[in-house]
Amino acid sequence: MKRQGILNVDLAARCARLGHTDLVCVADCGLPVPADVPIVDLAVVQGLPSFADVLTALLDELVVEHHVVAEEIDGQPAAAVLRAAAERLGPREVVSHQQLKALVADCAFVVRTGEATPYANVLLRSGVPF
């Protein structure tokens, strides 16, 4: 049994398969996901698990070299979550919400949280630890 880290079997396996520059989306419970993009659905009820909790768990597991957010996130509660994690997220790229939704099609997978606040979505670009 693992001592620490992500315990969800599907999420842990998908994280282990990531390569340099692969994209992962941490999404609120309402983000549309293309049918061919795998989803690790962690949502239990609205609010559980939170965007912040899932992002923190992933940042403990992954090397992230870059992140993408929608410009509409400014002024929303999720913006504070990303500011608190800024040093672990690498450079920030800002796009429209429509562009972010289009980029989801390029993701290795999406992690669906129970978050129910607007624009609580971020794309993480996988980096390398060397």
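Read-outs: derived from the displayed coordinates by stated rules, not from any lab. In this text the structure is predicted, and so the values were computed from the model without any measurement. With ideal geometry, Cβ positions are generated from the backbone for all residues, glycine too; neighbour counts draw on all protein chains shown.
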Check: Counting just the residues of region 1-12 that are of a type in the set (A, V, I, L, M, F, W, C) and not in a loop (DSSP other than H, G, I, E, B), which one comes out surrounded by the most Cβ atoms within 10 Å (Cβ to Cβ)?
Finding: LEU11
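Pick from VAL33, VAL24, VAL40, VAL64: which is touching a Lys or Arg at 6+ places or on another chain (Cβ under 9 Å), over 24 Å from VAL128 (Cα atoms) and β-branched (Val, Ile, Thr)?
On the way: VAL24 fails: over 24 Å from VAL128 (Cα atoms); VAL40 fails: over 24 Å from VAL128 (Cα atoms); VAL64 fails: over 24 Å from VAL128 (Cα atoms).
Matching residue, one of VAL33, VAL24, VAL40, VAL64: VAL33.
Go over the candidates ALA86, ALA78, ALA52, ALA43 one by one and state the one that is over 19 Å from ASP106 (Cβ atoms) and either surrounded by fewer than 16 Cβ atoms within 10 Å (Cβ to Cβ) or β-branched (Val, Ile, Thr) (or both). Talk me through it step by step, then tell me what you get.
Details: ALA78 fails: either surrounded by fewer than 16 Cβ atoms within 10 Å (Cβ to Cβ) or β-branched (Val, Ile, Thr) (or both); ALA52 fails: either surrounded by fewer than 16 Cβ atoms within 10 Å (Cβ to Cβ) or β-branched (Val, Ile, Thr) (or both); ALA43 fails: either surrounded by fewer than 16 Cβ atoms within 10 Å (Cβ to Cβ) or β-branched (Val, Ile, Thr) (or both).
It is ALA86.
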Notebook entry, point to check: If you take the residues of region 13-36 that are loosely packed, with under 15 Cβ neighbours inside 10 Å and hydrophobic (A, V, I, L, M, F, W, C), which of them is farthest from GLY127 (Cα to Cα)?
Noted result: ALA35
Margin query: Return the residues of region 71-109 that are charged (D, E, K, R) and touching a strand residue (DSSP E or B) at 6+ places or on another chain (Cβ under 9 Å); say none if nothing qualifies.
Written below: GLU71, ASP74, ARG88, ARG92, GLU93, LYS101, ASP106
Notebook entry, point to check: Taking region 78-130, which residues are in contact with a Lys or Arg (Cβ under 8 Å, 6 or more places away or on another chain) and either more than 19 Å from ASP60 (Cα to Cα) or assigned to a loop (DSSP other than H, G, I, E, B) (or both)?
Noted result: GLY90, ALA108
Check: Just wondering, is there one or more residues in region 49-67 that are more than 16 Å from VAL122 (Cβ to Cβ), over 12 Å from the mean Cα position of the chain (by Cα) and either assigned to a helix (DSSP H, G or I) or free of Cβ contacts under 8 Å to residues at least 60 places away in the same chain (or both)?
Finding: no
